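Engineer: Structure below; questions to follow.
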Amino acid sequence: MPNNTTTTLSIKLNNFLHRIDCKVTLIALVTECGCSLKRIRRSKNWSLTGTQSQLVKISEQLKQGRTLWIAESINKGLPKPTFDLTAIVQSNPDMTLNRLIAETGCTLTEARAALDKAEDLI
């Protein structure tokens, strides 16, 4: 399994120039964090490229005002963490469906399957 902090990710920023106030400030932040921001061919869309840890750092700094949409785009583009739901249920027998869904972000179907599997193993 590859290390998520060294894998390069690319986030598409639609209509980038029309949605930000100061391109120069944002480019300075991106280069300071070690990422790159480039225009996609001749379109209005741009691409933000960097490692997961670099993108998270940028996202945390942009969670305000008119740049919030960039932070949300980054968060949508990041890989989602995976959990062994059955192991979580086995280590905590009082786990409810709602709590499992809230803590892991899994679907109702996945949570039910994990609970059923854990009950068979116990």
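The values are calculated or read from the model by the stated rules, or taken from the named source; none is laboratory data. Just so it is clear, the structure is predicted and the values come from calculations on it, not from any experiment. Cβ: placed from backbone, ideal geometry, glycine included. Neighbour counts: every protein chain shown.
Engineer: Checking the condition aliphatic (A, V, I, L, M) and in contact with a Lys or Arg (Cβ under 8 Å, 6 or more places away or on another chain), which residue from L97, L55 passes? Working first, answer last.
Structural biologist: Working: L55 fails: in contact with a Lys or Arg (Cβ under 8 Å, 6 or more places away or on another chain).
On inspection, the qualifying residue turns out to be L97.
Engineer: Does segment 20-52 hold any residues that are hydrophobic (A, V, I, L, M, F, W, C) and in a loop (DSSP other than H, G, I, E, B), and which are they? Give the steps one after another, and end with the answer.
Structural biologist: Residues of segment 20-52 hydrophobic (A, V, I, L, M, F, W, C): 20, 22, 24, 26-30, 33, 35, 37, 40, 46, 48.
I20, C22, C33, C35, I40 - these are the residues of segment 20-52 that are hydrophobic (A, V, I, L, M, F, W, C) and in a loop (DSSP other than H, G, I, E, B).
Engineer: Follow-up question, since we're still on this one. Please go through (1) outside any helix (DSSP H, G or I); (2) modelled with pLDDT of 90 or more; (3) of a type outside the set (S, T, N, Q) for L55 and return the number of the only condition it doesn't satisfy.
Structural biologist: The failed condition is (1).
Engineer: A further question follows. Residue check: is L9 surrounded by 13 or more Cβ atoms within 10 Å (Cβ to Cβ) and assigned to a helix (DSSP H, G or I)?
Structural biologist: Values: surrounded by 13 or more Cβ atoms within 10 Å (Cβ to Cβ): yes; assigned to a helix (DSSP H, G or I): no.
Against the criterion (surrounded by 13 or more Cβ atoms within 10 Å (Cβ to Cβ) and assigned to a helix (DSSP H, G or I)), L9 does not qualify.
Engineer: Follow-up question, since we're still on this one. Suppose we filter T82, T86 for residues that are closer than 21 Å to E103 by Cα and exposed (fewer than 11 other Cβ atoms within 10 Å of the Cβ); which single one remains? I'd like the intermediate steps shown before the answer.
Structural biologist: Details: T86 fails: exposed (fewer than 11 other Cβ atoms within 10 Å of the Cβ).
Exactly one residue qualifies, and that residue is T82.
Engineer: Restricting attention to segment 37-64, report how many residues are within 19 Å of N15 (Cβ to Cβ), without any contact (Cβ under 8 Å) to a residue 40 or more places away in the chain, polar (S, T, N, Q) and surrounded by 13 or more Cβ atoms within 10 Å (Cβ to Cβ). Explain how you work it out, then say what you get.
Structural biologist: Taking segment 37-64 and keeping what is within 19 Å of N15 (Cβ to Cβ), we get 37-49, 58-59, 62.
When the remaining residues are screened for being without any contact (Cβ under 8 Å) to a residue 40 or more places away in the chain, the result is 37-48, 58-59, 62.
Add one more test, that the residue is polar (S, T, N, Q), and what stays is 43, 45, 47, 59.
If we keep only those that are surrounded by 13 or more Cβ atoms within 10 Å (Cβ to Cβ) too, we end up with 45, 47, 59.
Qualifying residue count, segment 37-64: 3.
Engineer: Another question, if that's okay. For segment 10-24, which residues satisfy the criterion of being over 16 Å from S53 (Cβ atoms), among the β-branched types (V, I, T) and modelled with pLDDT of 85 or more? Walk me through how you get there before you give the answer.
Structural biologist: Initially, segment 10-24 is screened for residues over 16 Å from S53 (Cβ atoms), giving 12-24.
Next, from what is left, pick out any that are among the β-branched types (V, I, T): 20, 24.
Answer for segment 10-24, where residues must be over 16 Å from S53 (Cβ atoms), among the β-branched types (V, I, T) and modelled with pLDDT of 85 or more: just V24.
Engineer: Taking segment 82-111 only, how many residues are closer than 30 Å to Q54 by Cα, touching a helix residue (DSSP H, G or I) at 6+ places or on another chain (Cβ under 8 Å) and in contact (Cβ under 8 Å) with a residue 24 or more places away in the chain?
Structural biologist: Narrowing segment 82-111 to residues closer than 30 Å to Q54 by Cα: 82-85, 88, 100-107.
Narrowing the set further to residues that are touching a helix residue (DSSP H, G or I) at 6+ places or on another chain (Cβ under 8 Å) leaves 83, 85, 88, 100-101, 103-104, 106-107.
Add one more test, that the residue is in contact (Cβ under 8 Å) with a residue 24 or more places away in the chain, and what stays is 85, 88.
Of the residues in that region, 2 qualify.
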